[in-house]
Amino acid sequence: MWWGVLVALVGAVCSGNAAVMQALAARAVPDAGRGVHVHLLFHLVRQWRFWVGLGLDLASFAATFAALRVSPVFLVQAATSANLAVTALVARRVLGTHLGRAEKVAVVAVCAGLVLLGLFSGRQGPSHGDTLLHVLMLVAVGVLAVAGVVAGRLPRHTAGAALGLLAGCGFGLTSLASRVIDPSSVGALATDPATYVLPTAGFLAFLFYATALQRESVTAATAGTVVGQTLFPGLIGLLVLGDQVSSGALALVGFVVTIVGALTLARFGDVSEDTATVEPVR
């Protein structure tokens, strides 16, 4: 199980650096205004920063996928939330954001919470979920798409925060799909609704996250994403898939400390401005 946590942390480092690269790419594209616009992705593919960020994201996904095969969902997702600390630190150097005392404490809190989770989490549950769960996950992708359209029409900063949260839910769905699919045969993959959750939820999450990065500071957008991708799949793992903890109270403390640290960093993103400028794409 421990090697799964270490692999997830490697993925978190990749994801944290990817967030800053994607923020630079997204801000080089003029914001088209309210709504979520698919053509944003067509502008992004013209930038080298986008491809670097995408490569790091793919490395992060591969690490998370591997970790989910051996470790509980809530533990892997909490470890993945360390990407927020990485994002905050890299954003400070690259984007010129300011990291205050409270935010430094929050970074420590995220790391301390992860240590508690690692020490007191238990084994991965044996369940891969029933057919109904797999179908409901695919339905959730449709709900996510509608929610994203609605969130995109909100005022700028509210939309950025909401889209960051919805992006996290999308990434959470891809993590759950990675956990429950059966890769033993092509036939099993082709007939499993969860297989189709991976590309569709991943696409929506990436689109929402890129849009959030245009309208909100990179740390605030990432904080919402981290909360969405940690709470939702973690609870499903514990309540539905049979994931276990060896000491429920201490693991819960670690989980809460990690999330509180993430929310504190979300506040940091809300009150700080990223100062780096990027030449717009024409």
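In the range 219-236, which residues are among the hydroxyl-bearing types (S, T, Y) and at pLDDT below 75? Residues satisfying the conditions are T219, T230. Per the conditions (1) at pLDDT 85 or above; (2) out of contact with any Gly (no Cβ under 9 Å at 6 or more places or on another chain); (3) over 26 Å from A85 (Cα atoms), the sole criterion not satisfied by V141 is (2). Take Q214 and decide whether it is closer than 19 Å to A88 by Cα and surrounded by fewer than 24 Cβ atoms within 10 Å (Cβ to Cβ). Yes.
Within the range 24-40, residues that are on the phi > 0 side of the Ramachandran plot sit with their Cβ atoms under 7 Å from residues that are modelled with pLDDT of 75 or more, at 6+ positions apart or across chains, in these pairs: G35/G152; G35/R153. The residue pairs whose first member lies in the range 178-194 and is outside any helix (DSSP H, G or I), whose second member is among the charged types (D, E, K, R), and whose beta carbons are closer than 6 Å, counting only pairs six or more residues apart or on different chains, are I181/D192.
Of everything in the range 1-40 that is closer than 18 Å to R179 by Cβ and among the β-branched types (V, I, T), the residue that is modelled with the highest pLDDT is V7.
Residues considered: A147, A221, A190. Of these, the only one that is within 19 Å of the chain's Cα centre (by Cα) and surrounded by fewer than 20 Cβ atoms within 10 Å (Cβ to Cβ) is A147. Just one of the listed residues (F208, F203) is out of contact with any helix residue (DSSP H, G or I) (no Cβ under 6 Å at 6 or more places or on another chain) and at pLDDT 75 or above, namely F203.
The sole residue among H43, H98 that is over 30 Å from V240 (Cβ atoms) and at pLDDT 80 or above is H43.
Test L154 against the stated conditions and say whether it is among the hydrophobic types (A, V, I, L, M, F, W, C) and outside any helix (DSSP H, G or I). Yes.
So that you can scan it fast, the table gives a plain yes or no per residue for (1) over 27 Å from A210 (Cβ atoms); (2) at pLDDT 75 or above; (3) touching a Leu at 6+ places or on another chain (Cβ under 7 Å):
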{"position": "F61", "(1), (2), (3)": "no, yes, no"}
{"position": "T80", "(1), (2), (3)": "no, no, no"}
{"position": "L84", "(1), (2), (3)": "no, no, yes"}
{"position": "V94", "(1), (2), (3)": "no, no, no"}
{"position": "V105", "(1), (2), (3)": "yes, yes, no"}
{"position": "G113", "(1), (2), (3)": "yes, yes, no"}
{"position": "L119", "(1), (2), (3)": "yes, no, no"}
{"position": "G122", "(1), (2), (3)": "yes, no, no"}
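The values are calculated or read from the model by the stated rules, or taken from the named source; none is laboratory data. Predicted, not measured: the structure shown is a model, and the values here were computed from it. In this analysis, Cβ positions are derived from the backbone assuming ideal geometry, glycine residues included, and neighbour counts consider all displayed protein chains.
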